[in-house]
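K.L.:
Dumping the structure here so I can ask a few things about it.
The values are calculated or read from the model by the stated rules, or taken from the named source; none is laboratory data. Nothing here was measured: the structure is a model prediction, and the numbers come from that model. FYI the Cβ positions are ideal-geometry reconstructions off the backbone, even for glycines, and counts take in every protein chain you see.
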Amino acid sequence: MSPTLQDGDEVYFDTKPCRQIRVNDIVLVKHPYVKKRNLVKRIKNITSDGSVFIQGDNSFCSTDSKSFGTVNKNNILGILKKKKLLQ
């Protein structure tokens with residue numbers, strides 16, 4: 001998620017989001033094919049059927065919906081609440 005997030009930044013996710021997800025939210029999402037692997041990505045689009053298109057901010061080096069397609073919004077584990085910048 002560089003440049004938004006850098007190695008060493010501490011991020012905190014609201015794992016029980018009480019609001020709906022929105023385009024441009026940064027989310028923690030289950031990887032659609034690799035068990036026990038989660039991804040931090042930005043929501044780029046939300047479809048009417050409950051699928052989301054997620055994309056990393058550094059799109060040249062990102063494993064995201066461009067390579068594996070949309071993911072179900074039920075796979076979203078949390079929404080970025082705050083980040084503590086690398087000192």
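K.L.:
For the structure I just gave you, tell me whether Arg22 is without any contact (Cβ under 8 Å) to a residue 12 or more places away in the chain and charged (D, E, K, R).
P.N.:
Spelling it out, it is not the case that Arg22 is without any contact (Cβ under 8 Å) to a residue 12 or more places away in the chain and charged (D, E, K, R).
K.L.:
Would you check which residues across the stretch 39-81 are of a type in the set (D, E, K, R) and in a strand (DSSP E or B) and list them?
P.N.:
Lys41, Arg42, Lys44, Lys81
For every residue, the table says whether it meets (1) within 13 Å of Met1 (Cα to Cα); (2) modelled with pLDDT of 95 or more.
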position	(1), (2)
Lys35	no, no
Lys44	no, yes
Ile54	yes, yes
Ser62	yes, no
Leu85	no, no
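K.L.:
Restricting to the stretch 6-23, and then to whatever is of a type in the set (A, V, I, L, M, F, W, C) and modelled with pLDDT of 85 or more, can you tell me which residue is farthest from Lys81 (Cα to Cα)?
P.N.:
Looking at residues that are of a type in the set (A, V, I, L, M, F, W, C) and modelled with pLDDT of 85 or more, I get Val23.
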